Amino acid sequence: MFVRLWHRSFYIHDLLAIGLLITLIVYLALPFRFASHYEYIDGSRIEAALIPQVTRNISLQEVFECRYVEILEENRFVYNLAHYHEAVHRQEEIRPGGEFRPEQCQARYSTAIIVPYRQREEQLHAFLTYMHNYLRQQLIHYRIFLIEQFDHKPFNRAMLFNIGAQVAAEYGFPCLVLHDVDLLPLNSGQMYACTELPRHMCSALDHWRFRLPYRGLFGGVVSINTVQFQQINGMSNLYHGWGGEDDDLYERLLAMGIDICRFAPEFSEYTMLKHKPERPNENRVALLRAAALRQHSDGLNSLVYKEVERRMHSLFTHVLVET
Ligand SMILES: *[C@@H]1O[C@H](CO)[C@@H](O)[C@H](O)[C@H]1NC(C)=O
């Protein structure tokens, strides 16, 4: 009798242990494991947080200023709108080079959207179609710069951002959005304009179950004032291959005493388009360790590349470079 009881209780303990083990495995294996709450700017404070800044030729436009309060109040889920994905509507509104400015009012924000790129045709097509439909409803002035790495070396995403920032500065853009081609915004009110502090825009990504995996995540889609990007000497040019460069950027900001910000989650939802994983950069941990030390010698001031071609495509400014 005693033995049987003992066995029985052992059996229950066993089940408990297995249950705990499974919980632990799930906890470790799933991406929301570090889910943390974070501070954010809520909807009612977004407009005040955006910096009104435009390129020179927009400031000369003689019409009344666009209104943004309705766009923010109306913030809604737009990713399910089929017509946003089908085709670029009213394409005649878009200037060669993928530039748009509203005609009926003067935009308050000028934004250069910088997209590093190599061999992702399908995603690029989906990105351009959706983004031009999405961005025009925000009544901002913007231009899409596609920076394509033309050589066969490992992909150097951060260097392509540096090149894009330099090209965008040539056109006088005061605000940069550093944007991966595989990420698309879901909410109409995620304004593509700059805040006082650099902003992590895709803080509620479906890939991470709409949670933020860690507070120092500062990649995917971020906005930063052109002047701030120059102050931190841009990004590192040394990250060849996948990973690390975003954390390096965050280290640079910290080292300069620049904090980051985010909008409320209902403004910050993004989806990630599916693709094959990239080859990781084996050096990324070592590079990251010395991020702050290299900051002043590795970045915009050490940027060397060859511009192979710059072409005004109907939907983007295409800059082909050798790194
Ligand atoms: C503003 O001027 C730049 C050249 O400096 C030009 O590339 C751009 O298309 C102009 N934009 C608008 C909206 O007029």
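Considering each of Ile94, Ile113 in turn, give the residue that is within 16 Å of the ligand (Cβ to nearest atom), within 30 Å of Gly241 (Cα to Cα) and of a type in the set (Val, Ile, Thr).
Testing whether each residue is within 16 Å of the ligand (Cβ to nearest atom), within 30 Å of Gly241 (Cα to Cα) and of a type in the set (Val, Ile, Thr) leaves just Ile113.
What is the number of the single condition among (1) crowded, with 21+ Cβ neighbours inside 10 Å; (2) under 27 Å from Phe150 (Cβ atoms) that Ala107 does not meet?
It is condition (2) that Ala107 fails.
What is the residue count in the stretch 133-170 for residues that are outside any helix (DSSP H, G or I), polar (S, T, N, Q) and either closer than 18 Å to Tyr192 by Cα or within 16 Å of the ligand (Cβ to nearest atom) (or both)?
Number satisfying all stated conditions: 2.
When the residues of the stretch 73-90 are filtered to those that are out of contact with any helix residue (DSSP H, G or I) (no Cβ under 8 Å at 6 or more places or on another chain) and assigned to a helix (DSSP H, G or I), which remaining residue is nearest to the ligand (Cβ to nearest atom)?
Per the stated criteria, the residue is Glu74.
Output the residues belonging to the stretch 303-323 that are polar (S, T, N, Q) and within 20 Å of Ala87 (Cα to Cα).
Ser314, Thr317 - these are the residues of the stretch 303-323 that are polar (S, T, N, Q) and within 20 Å of Ala87 (Cα to Cα).
Can you list residue pairs whose Cβ atoms sit under 6 Å apart, with the first residue in the stretch 42-66 being without any contact (Cβ under 8 Å) to a residue 40 or more places away in the chain and the second being outside any loop (DSSP other than H, G, I, E, B) and more than 16 Å from the ligand (Cβ to nearest atom)? Count only pairs 6 or more apart in sequence or on different chains.
Glu47/Leu72
(1) surrounded by 18 or more Cβ atoms within 10 Å (Cβ to Cβ); (2) more than 16 Å from the ligand (Cβ to nearest atom): which one isn't true of Glu70, the others all being true?
(1)
Provide a single number: the residues in the stretch 43-67 that are within 16 Å of the ligand (Cβ to nearest atom), outside any loop (DSSP other than H, G, I, E, B) and farther than 30 Å from Ala126 by Cβ.
4
Read-outs throughout are calculated quantities, based only on the coordinates presented, and are distinct from any laboratory measurement. Fair warning: this is a prediction, and the values are worked out from it, not measured in the lab. With ideal geometry, Cβ positions are generated from the backbone for all residues, glycine too; neighbour counts draw on all protein chains shown.
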